[in-house]
């Protein structure tokens, strides 16, 4: 089930349970996972993209292994907030994934998440080779952490 807002996403989640955050690229899918109390997002893995069926199967395996209860997809908006071809491709991926999993799927504005991840990796003095290996799932953790922070803030309102 695809939800239209983070508020609707929150309404479909049980009180406890881990989520996945996805940074969907053309060649890879970065995956991050949070703890069951939804405090901290942790980079998990990067899936090399093949065809949708194989990509979805890899995600389903992660969902089942980790007992995940929801998925947050990074939505690549343009800097002016509009949605271009990459955002449309992300929405299409979500529609296809929603036919394979029975979990809420929400979107989180991912503008500058890869830039923030790259900056953090540079500050950690990560080698260029290592950065290219981990950038996608580190970006996914920025996406998921943003959503987690918003969900936590909503509970305190």
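List of remarks:
- Protection-proxy order for peptides 146-153, 89-96, 23-30, each taking the mean of Cβ atoms within 10 Å per residue, highest first: 23-30, 146-153, 89-96
- Model label points for residue 35 and residue 48, set 7 angstrom from Cα along the Cα-to-Cβ axis, are 3.4 nm apart.
- Computed label-point distance, nm, for sites residue 89 and residue 1 using a 7 Å Cα→Cβ extension: 3.0
- Extended-chain gain in nm, criterion 0.36 nm per residue less alpha-carbon gap, residue 27 and residue 11: 2.5 nm
- Each residue in 110, 83 was given a count of other beta-carbon atoms within 10 angstrom of its own, and listing them fewest first yields 83, 110.
- Estimated from the Cβ-Cβ distance and a Förster radius of 22 angstrom, the FRET efficiency linking residue 60 and residue 82 is about 0.10.
Each reported figure results from applying straightforward, stated rules to the coordinates on display, with no laboratory input. Keep in mind it's a predicted model, so treat the numbers as computed, not measured. Methodologically, a virtual Cβ is constructed for each residue, glycine included, from the backbone with ideal geometry; neighbour enumeration extends over all protein chains shown.
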